[in-house]
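See structure below.
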Amino acid sequence: MPFNRGVAEEPRYWPLYTGMLRVLMPRWLGSQEDISRFIQEVSGDPNNERDFAKYARLYWSYSSLEHDDVKLFEAPLAHWSTMRAGFMDLQRKYPNSDLILNAYAKFACMADDGTSYREVRPKLRDRLATTAWSDKVSLELCDARFPGAAFSTGGHTSTPPRLRLP
């Protein structure tokens, strides 16, 4: 199989993975089960260890290929706890990546994880990466879903006076 041969020769060549995800998409006669099975296989290893970062990147890629028009955290697709661990790994590996930080916030919002979103949202003030967001999952939509998140500090939310409602 060309994918397996390609990955054996160049395991870090990301277009191989996104190309395979595209082939497995439901619109091309694949299925969400095929997507899930593929991601489980390529993000695991023979010792039953999970590469959480790869898992997160693969589901991030799949969501992008679907233009964020897929319910990612419904069976049989992604598990937020695993994806969250992957974003933590990615942030440790690339601490200066604004894109990864913004993607983490976006997927926390998509997973309806207000705690994680409120934790990361204030960091986006000076590190906004608009390419991480889409029309379907925008920063504005997520801020509306989790009011006051942009002004959270230390797990507590405070709304500046100019935003207070009577």
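Summary table below
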read-out	value
For residue 129: the one exception among (1) out of contact with any Leu (no Cβ under 7 Å at 6 or more places or on another chain); (2) not assigned by TED's automatic domain parsing to the domain that holds residue 4	(1)
Residue pairs meeting the criteria (Cβ under 6 Å; at least 6 apart or on separate chains; first over 14 Å from residue 151 (Cβ atoms), in the stretch 119-137; second outside any helix (DSSP H, G or I) and of a type outside the set (S, T, N, Q))	134/68; 136/68; 137/68
Filter result (buried (at least 20 other Cβ atoms within 10 Å of the Cβ) and closer than 25 Å to residue 22 by Cβ) within the stretch 73-106	78, 83, 86, 87, 90, 100, 102, 103, 104, 106
Test result for residue 52, under 22 Å from residue 108 (Cα atoms) and aromatic (Phe, Trp, Tyr)	yes
Selection count where residues are part of a helix (DSSP H, G or I), touching a residue at least 12 places away in the same chain (Cβ under 8 Å) and not β-branched (Val, Ile, Thr), scope the stretch 65-93	12
Hits in the stretch 111-126 (condition: assigned to a loop (DSSP other than H, G, I, E, B) and either exposed (fewer than 14 other Cβ atoms within 10 Å of the Cβ) or of a type in the set (A, V, I, L, M) (or both))	111, 112, 125, 126
Residues of the stretch 59-84 classified as under 17 Å from residue 100 (Cβ atoms) and among the basic types (Lys, Arg), total	1
In the stretch 60-107, the residues that are over 16 Å from residue 133 (Cα atoms) and among the acidic types (Asp, Glu)	74, 89
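The values are calculated or read from the model by the stated rules, or taken from the named source; none is laboratory data. These numbers come from a predicted model, not from an experiment. Quick reminder, even Gly has a Cβ in these numbers, built from the backbone with ideal geometry, and neighbours come from all protein chains shown.
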